[in-house]
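Step one of this worksheet: look at the structure below.
The values are calculated or read from the model by the stated rules, or taken from the named source; none is laboratory data. Since this is a predicted model, take the numbers as computed values, not measurements. Cβ sites come from the backbone with ideal geometry, for glycine too, and all protein chains shown count toward neighbours. With ligands, DNA and RNA removed, areas are computed over all heavy atoms of the protein, side chains included. Shrake-Rupley method; radii C 1.70, N 1.55, O 1.52, S 1.80 Å.
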Amino acid sequence: MKYLSSPSMEVTTMIGCPLMCTYCPQEPLRKNYPETSTKYMQLDDYKVMLAKIPGHVSIAFCGMSEPWANPICDDLLEHTLSKGYRVSICTTLYGMSNPRRTSHLLNKYNSQIQALRLHLPDRSGNMKGWRESESWREAYINISSLTLNCGIERMTMDKDGVTNEKIHDLFQKTDSFRGHQRAGALDLKKLNGQPVLPLVKRAGPILCSMSPNYDANMLLPNGDVLLCCHDYNMRHILGNLLQLEKYEDLFKSDELKNVRLINESDGFSTTTICKSCHEAVGFDQEHMYKRAGVEEVLNRVFNKYRPENIAFWGAGAYLSLLYDSLDMYNYKPLLIFDKTRKIEKFEGVPVLQPPAAYEMQNLDVKCIVITALSSGNDIERELRENYSDIEIFRLHKNSIALDKIV
């Protein structure tokens, strides 16, 4: 779901979507998904996996199939919302057999719903498995009548956004649509000449414009987690949430390390799907060199101290840049201190006003990394005056690298 912010986890509730949309490459997924694995997400399995996903990660009921093609989708949704996760939904309404229950859940947890998008049948017949029915109409009327904070979006796969004539009494036209090739997984013959974005071949170093940290991932019913929503060939399995101890282990996997290595190298390669993806953007070697400098110092800090003994100082633009450029799951501090930002959390880490010296001792903070640029000198002076027993690492104003204050 393009409008999602990362980190996020899309949930594929079942394998073998019955809608058979022409712009959705179902065949590669069916071919590569293990025959012995469950085809439908089971509630007990899902509870185990969701419990490993941190609360700041948003959950998307969209995935590589229609969510409500799994009869227990309402159960999965209710469990997710009851645990406090932010949720996005993209649905064709197929299989939504109890729309009143679904509507009740969306109303009850309105503040947690980030997005609701209705994928409607179009005049070009791209949703081949859709059939008009009273149950579908009932679902549409119930869901579209909701008043949600996020609003309700609608889309089709028609180039001009025109819906199927059978539902013109309900809705006629959405925004125009241009499909993409899912990094080469799409069978273009099925489009019958309909427009699609050309396949790209990125020759230089790249990163993902939608998820620079590679943390907008895809969860399958058997627990496998794919790199992203374009990986219908299951090329990049980061791990299995039923088997891994922690969500963070996904980002330490050999598979992701190899994806990063290839993506940050010169030359086109088919080893990863990313260099053939239209979401990829180029970035220069200087940026990667500076990034490596940051990671080297952060590695030293986190190797020397336990995360519960480390705090960052500054939750502003520079820390946002770090989270956009690095795999910060390896560098998660106990706390972030900031005097000006009125937020409770930054990427799941509590943000507090700087405490008095004696309060800092009670928190058992032994190391502070200054993650603020504009007021770095003032912060350094204050830290030296008030926290003499704490090791401090300073962010130089004219460099992206961190250096220890001696």
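Things to note:
- Comparison of L227, L197 shows that the only residue that is of a type in the set (A, V, I, L, M), closer than 30 Å to G282 by Cβ and more than 19 Å from the chain's Cα centre (by Cα) is L197.
- Test result for K246, in contact with a Lys or Arg (Cβ under 7 Å, 6 or more places away or on another chain), surrounded by fewer than 19 Cβ atoms within 10 Å (Cβ to Cβ) and at negative phi: yes
- Inspection of segment 91-99 finds a residue satisfying the criterion of being closer than 30 Å to M234 by Cα and part of a strand (DSSP E or B).
- Of all residues in segment 161-218 being outside any loop (DSSP other than H, G, I, E, B) and free of Cβ contacts under 8 Å to residues at least 60 places away in the same chain, the one that is most open to solvent (accessible area, probe 1.4 Å): K189
- Selected residue (only one of G16, G63 is modelled with pLDDT of 95 or more, open to solvent by 10 Å² or more (accessible area, probe 1.4 Å) and either out of contact with any helix residue (DSSP H, G or I) (no Cβ under 9 Å at 6 or more places or on another chain) or not in a strand (DSSP E or B) (or both)): G16
- With respect to the conditions (1) exposed (fewer than 15 other Cβ atoms within 10 Å of the Cβ); (2) under 22 Å from the mean Cα position of the chain (by Cα); (3) at pLDDT 95 or above; (4) under 13 Å from L148 (Cα atoms), K83 lacks only one, and its number is (4).
- Qualifying residue in segment 279-288 (condition: surrounded by fewer than 16 Cβ atoms within 10 Å (Cβ to Cβ), modelled with pLDDT under 95, over 17 Å from the mean Cα position of the chain (by Cα) and under 24 Å from M9 (Cα atoms)): yes
- Any hit, segment 29-45, residues being open to solvent by less than 30 Å² (accessible area, probe 1.4 Å), of a type in the set (D, E) and at pLDDT 95 or above: no
- Residue within segment 29-36 that is touching a residue at least 40 places away in the same chain (Cβ under 8 Å), farther than 26 Å from G129 by Cβ and part of a helix (DSSP H, G or I) present: no
- Check on S88, in contact with a Ser or Thr (Cβ under 8 Å, 6 or more places away or on another chain), surrounded by fewer than 20 Cβ atoms within 10 Å (Cβ to Cβ) and not in a loop (DSSP other than H, G, I, E, B): no
- All of (1) in a loop (DSSP other than H, G, I, E, B); (2) within 27 Å of W136 (Cβ to Cβ); (3) open to solvent by 60 Å² or more (accessible area, probe 1.4 Å) hold for P221 with one exception: (3).
- Restricting attention to segment 100-117, the residues that are open to solvent by 20 Å² or more (accessible area, probe 1.4 Å), part of a helix (DSSP H, G or I) and within 16 Å of I143 (Cβ to Cβ) add up to 6.
- Residues (among the aliphatic types (A, V, I, L, M) and open to solvent by 10 Å² or more (accessible area, probe 1.4 Å)) located in segment 224-237: M234, I237
- Filtered residue count, segment 121-150, keeping only those that are open to solvent by 20 Å² or more (accessible area, probe 1.4 Å) and not in a loop (DSSP other than H, G, I, E, B): 7
- Checking each residue of segment 155-165 against the condition of being out of contact with any strand residue (DSSP E or B) (no Cβ under 9 Å at 6 or more places or on another chain) and under 20 Å from W136 (Cα atoms) gives at least one match.
- Scan of segment 256-269 for residues that are among the polar types (S, T, N, Q) and free of Cβ contacts under 8 Å to residues at least 12 places away in the same chain, ordered by number: S269
- Single residue of segment 46-57 satisfying the filter (of a type in the set (A, V, I, L, M, F, W, C) and surrounded by 14 or more Cβ atoms within 10 Å (Cβ to Cβ)) that is farthest from G348 (Cα to Cα): M49
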